[in-house]
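This report concerns only the one structure given below.
The values are calculated or read from the model by the stated rules, or taken from the named source; none is laboratory data. Because the structure is predicted, anything quoted here is derived from the model rather than measured. For neighbour counting, all protein chains shown are included, and Cβ atoms are generated from backbone atoms with ideal geometry for every residue, glycine included. Quick note on the areas: whole protein, heavy atoms, side chains included, nothing else; ligands and nucleic acids left out. Shrake-Rupley method; radii C 1.70, N 1.55, O 1.52, S 1.80 Å.
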Amino acid sequence: MTAYLLRRLLYAVPILIGVNLITFVLFFVVNSPDDMARMHLGEKRVTEEAVQTWKQSHGYDKPLIFNPEATGIARLTDTIFFEKSVRLFAFQFGSSDDGRDIGYDISQRMWPSLAIAIPVLLVGLAFNISYALFIVLFRATYVDIGSVVLLVAMLSISSLFYIIGGQFILGKLFHLAPISGYDTGLHAWKFLILPVIVGVIGGIGAGTRWYRTLFLEEIAKDYVRTARAKGLSEGRVLFRHVLGNALIPILTGVVVVLPLLFMGSLITESFFGIPGLGSYTIDAIGNQDFAIVRSMVFLGAVLYILGLILTDLSYTLVDPRVKLQ
Amino acid sequence: MPLMPVVLWTDALVFLLIALGLIFGLHAARHEHLRAPWRRVVRSRVGVATLVVLSAYGLIGLLDTVHFRLKTDQPSSSVEPQTVQYAPEVLSLFDVALSGLRERQEKTYSAPFATHLFVKEAIQLPDGTLIRDYPRLEHGGSHLADPTTERGLDIAFRALLGMFKGLLAWGLIGAGILWLLARRRGEPLAAIRADILAGRTAIPWRTALAMLGLLLVCGFVAAELAANYHILGTDKVGEDVFFQTLKSIRTGLLIGTLTTLVMLPAALLLGIAAGYFRGWVDDVIQYLYTTLNSIPGVLLIAAAILMLQVYMSNHADDFASLVERADLRLLFLCLILGVTSWTGLCRLLRGEALKLREVDYVQAASALGVGHFTILARHLLPNVMHIVLITVVLDFSGLVLAEAVLSYVNIGVDPTMNSWGNMINSARLELARDPVVWWSLTAAFVFMFTLVLAANLFADVVRDAFDPRLRGVN
């Protein structure tokens with residue numbers, strides 16, 4: 001088990017290096033720092049001095065990969081690649097293009113993201129599983145057909161419309177919840193109602209449909225027939241046998257997204273004005289702040305790999321047939 | 001020549017896609033085992049109904065893909081008669097067909113079917129006094145002398161006229177289909193008609209014709225009304241929303257189809273190669289897709305589009321026109337969406353190829369000394385095509401939805417391009433106005449929802465028809 005974990009962690013290193021190289025190529029080779037400086041300074045005719053000053057103040061005035069002017073190890077470390085990309089491995093995100101400490105910003109902004117993502121995940125999970133079980137209980141009846149049509153329809157609506165519709169109906173027409181904004185500490189709960197409701201409703205279509213398929217696959221298996229033949233009630237068959245076994249794919253599906261909850265939801269957060277990591281990223285994209293986008297790409301990759309490892313671990317916990325070697 | 005054809009990059013790819021589709025279609029028509037699953041698709045009622053809707057969208061998208069530049073009317077004196085000047089504006093067949101809608105601009109917002117502007121303006125009365133009131137629209141309902149009394153009747157009359165025309169067209173097409181069917185089967189017309197009405201035909205013609213009738217009636221009513229009104233209102237700068245949302249169809253379809261087209265070669269090649277060769281080839285390819293997969297998709301797209309923006313703003317002279325620039329950005333968006341979405345298909349194909357390489361006929365071929373390339377092309381490729389097709393169809397609706405979200409974040413298509421995402425993006429603050437400006441959002445919602453719903457339902461039918469594992473179940 002420990003050996004397996006260690007190997008997986010080691011395997012993550014080349015992947016992260018790959019991610020780093022891709023972002024490095026995207027951000028520094030495709031367009032030179034000079035291009036970025038001109039873009040930021042905005043005007044068509046920027047003086048060479050202005051470009052140089054901008055590059056110097058943001059640390060982009062070094063050679064890309066190899067610094068022939070330095071001596072010893074500094075030949076490799078006193079470069080953009082080392083300063084901007086390699087340092088990410090130590091989670092030193094550096095400062096954003098407008099001079100703020102990215103690491104500090106991330107540590108502050110992950111809490112609002114989690115405050116929305118966790119309730120959405122939990123409530124959504126509870127609702128979707130219950131609804132799917134309800135559909136399966138009435139399978140091959142009008143309840144089933146009607147629900148499936150409803151789910152496909154819900155799945156075909158863009159998430160933007162759920163947010164706009166939720167804000168309009170709950171916020172503007174009925175004044176049930178504030179439309180957007182955030183507050184510190186526990187006072188924030190008022191502002192969480194709407195995003196959480198919208199998030200849950202937006203996830204019903206895809207979620208419930210998937211769980212329904214899982215349950216239907218499970219219900220066709222032999223052991224369910226045996227359970228019925230023994231005379232167990234339909235409720236007991238569903239809740240004890242089917243749900244218990246279907247929990248394996250459900251759990252692993254949930255675990256893989258757990259780490260990514262930190263990243264928050266780009267769209268939800270920017271619509272509801274929540275100062276989380278999602279809106280942080282959106283703002284960075286809008287302001288063309290490459291340092292932040294680069295950091296978020298790296299963070300996202302780390303969390304994704306963490307999710308994969310956690311999934312493997314959760315398999316061994318819930319399914320005794322799976323052994324890690 | 002009265003016009004000069006313009007082939008944008010995306011147009012060329014669409015034509016390539018159509019050519020590939022035709023070749024594949026002709027090939028499939030000659031082989032029974034390839035025709036069988038398609039027959040299952042067209043024999044399902046949901047299948048034909050969604051197929052009709054998708055074809056309608058496809059037709060509009062296709063008309064909007066044929067681009068050209070019109071000849072300008074030049075003053076006869078100044079320029080020599082030999083040189084032909086073309087207008088700088090790139091138009092499509094669709095633009096020309098709906099040039100009325102395109103050109104009838106108002107000043108700013110107006111509600112659907114409105115005859116007056118949405119905001120008050122200072123109007124000078126004939127006697128010289130100034131009042132603040134809602135001015136009449138320049139085009140919407142401008143043929144009415146007294147809008148308050150005449151409008152309702154006029155709309156009802158035109159709607160009825162449109163419905164009548166729609167029914168007429170439907171009757172003609174229906175009769176044509178009936179005649180063709182009767183000729184092919186050698187049965188009398190009445191018998192065929194009775195079969196269709198009772199729903200006894202193998203292909204559910206009744207459903208298909210009903211859906212077609214619905215679309216034709218809606219289309220003709222809309223066309224009849226749109227000639228004199230802004231049936232979905234106008235937006236902030238006074239453009240007709242109905243025209244905008246129809247133009248957005250092409251963008252949505254392109255994102256949904258071209259993305260798969262550009263990612264397909266890589267996914268196919270790498271997926272099959274990884275599964276077939278195993279060993280270090282497999283390791284390298286797995287490493288490649290795990291790495292790409294671990295970058296959050298939105299961020300990779302954002303980074304790539306940001307870089308493209310930097311490039312475009314620094315090389316603004318390389319692009320001949322705004323349309324060309326927007327078109328290249330769309331193509332690039334398809335490419336980068338392809339890069340983020342090929343990994344799923346690649347993984348599936350690798351798994352399938354791993355299974356297939358152990359199958360007897362592949363083993364036999366390799367024992368007989370058949371080369372790797374021939375085995376890949378003749379034995380593996382045809383046997384993974386159903387996976388490719390299912391994935392392509394399933395991915396389509398997700399890509400259309402993704403376009404809206406990306407455009408909202410400003411990393412989607414060019415802001416000057418018509419797309420549902422751009423419509424939503426520019427309309428999201430309109431709900432905060434009082435009274436509410438709801439029509440842009442509603443239009444984008446209805447058209448997008450119809451397309452995505454049809455695509456989702458169609459995808460389910462295709463998956464059920466093509467997936468050999470599901471064949472026994474249904």
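A few points about this structure:
- Subset tally (residues that are within 14 Å of chain A (Cβ to nearest Cβ) and surrounded by fewer than 24 Cβ atoms within 10 Å (Cβ to Cβ)) for the range B:412-426: 4
- Qualifying residue in the range B:28-50 (condition: in a helix (DSSP H, G or I), open to solvent by 80 Å² or more (accessible area, probe 1.4 Å) and within 25 Å of B:GLY219 (Cβ to Cβ)): yes
- Check on B:VAL400, of a type in the set (Val, Ile, Thr), crowded, with 22+ Cβ neighbours inside 10 Å and either at pLDDT 90 or above or touching a Lys or Arg at 6+ places or on another chain (Cβ under 8 Å) (or both): yes
- A count restricted to the range A:165-193 and to residues that are away from chain B (no Cβ under 14 Å) and closer than 29 Å to A:VAL149 by Cα stands at 2.
- Scan of the range A:49-78 for residues that are touching an Asp or Glu at 6+ places or on another chain (Cβ under 8 Å), open to solvent by 60 Å² or more (accessible area, probe 1.4 Å) and either at pLDDT below 70 or assigned to a loop (DSSP other than H, G, I, E, B) (or both), ordered by number: A:LYS62
- Number of the condition not met by A:GLN325 [criteria: (1) at pLDDT below 85; (2) open to solvent by 50 Å² or more (accessible area, probe 1.4 Å); (3) closer than 27 Å to A:LEU137 by Cβ]: (3)
- Across the range B:428-437, the qualifying residues are those that are at the interface with another protein chain (Cβ under 9 Å from one of its Cβ atoms) and touching a Leu at 6+ places or on another chain (Cβ under 8 Å), and the one among them that is nearest to B:ILE60 (Cα to Cα) is B:ARG428.
- Pairing residues of the range B:287-316 that are more than 7 Å from chain A (Cβ to nearest Cβ) with residues that are β-branched (Val, Ile, Thr) and open to solvent by less than 30 Å² (accessible area, probe 1.4 Å), at Cβ distances under 6 Å and at least 6 apart in sequence or on separate chains, gives B:TYR289/B:THR343; B:LEU292/B:THR343; B:ASN293/B:THR343; B:ILE301/B:ILE336; B:ILE301/B:ILE411; B:ILE305/B:ILE411.
- Meets criteria (within 28 Å of B:LEU292 (Cα to Cα), in contact (Cβ under 8 Å) with a residue 40 or more places away in the chain and within 14 Å of another protein chain (Cβ to nearest Cβ)) for B:ALA402: yes
- In the range A:79-114, the residues that are among the charged types (D, E, K, R), crowded, with 17+ Cβ neighbours inside 10 Å and within 19 Å of A:SER279 (Cβ to Cβ): A:ASP97, A:ASP105, A:ARG109
A quick yes/no check of all residues on (1) without any contact (Cβ under 8 Å) to a residue 40 or more places away in the chain; (2) within 10 Å of another protein chain (Cβ to nearest Cβ); (3) open to solvent by 30 Å² or more (accessible area, probe 1.4 Å):
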| position | (1), (2), (3) |
| --- | --- |
| A:LEU251 | no, no, yes |
| A:VAL255 | no, no, no |
| A:PRO259 | no, no, no |
| A:ASN287 | no, no, yes |
| A:VAL297 | no, yes, no |
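- Filtering A:GLY300, A:GLY307, A:GLY253, A:GLY286 for residues that are part of a helix (DSSP H, G or I) and over 28 Å from A:LYS84 (Cα atoms) leaves a single hit, A:GLY253.
Conditions (1) farther than 25 Å from B:ASP395 by Cα; (2) buried (at least 17 other Cβ atoms within 10 Å of the Cβ); (3) in contact with a Cys (Cβ under 6 Å, 6 or more places away or on another chain), marked per residue:
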position	(1), (2), (3)
A:ILE116	yes, yes, no
A:ASN128	no, yes, no
A:THR141	yes, no, no
A:ILE157	no, yes, no
A:LEU160	no, yes, no
A:ILE163	no, yes, no
A:GLY181	yes, no, no
A:ILE197	yes, yes, no
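- Among the residues here, A:VAL120 does not qualify as of a type in the set (Val, Ile, Thr), open to solvent by 30 Å² or more (accessible area, probe 1.4 Å), over 30 Å from A:LEU9 (Cα atoms) and in a helix (DSSP H, G or I).
- Residue within the range A:266-282 that is open to solvent by 20 Å² or more (accessible area, probe 1.4 Å), among the acidic types (Asp, Glu) and assigned to a helix (DSSP H, G or I) present: no
- Lone unmet requirement of (1) in a helix (DSSP H, G or I); (2) open to solvent by 20 Å² or more (accessible area, probe 1.4 Å); (3) more than 21 Å from A:LEU303 (Cα to Cα) for B:VAL339: (3)
- Test: residue in the range A:13-30 that is within 15 Å of A:PHE290 (Cα to Cα), buried (at least 18 other Cβ atoms within 10 Å of the Cβ) and at pLDDT below 75: no
- Wholly within the range B:360-439, helices (runs of 4 or more DSSP H) carrying at least 3 residues that are over 30 Å from A:PHE290 (Cα atoms): B:360-367, B:381-408
- Only one entry of A:ILE157, A:ILE135, A:ILE129, A:ILE145 meets the criterion of being within 14 Å of chain B (Cβ to nearest Cβ) and in a helix (DSSP H, G or I), and that entry is A:ILE145.
- Matching residues, the range B:438-454, being within 8 Å of another protein chain (Cβ to nearest Cβ) and within 15 Å of the chain's Cα centre (by Cα): B:PHE445, B:MET448, B:PHE449, B:VAL452, B:LEU453
- Exactly one residue out of A:TYR280, A:TYR223, A:TYR315, A:TYR211 is in contact with a His (Cβ under 8 Å, 6 or more places away or on another chain), more than 10 Å from chain B (Cβ to nearest Cβ) and of a type outside the set (A, V, I, L, M, F, W, C), and it is A:TYR223.
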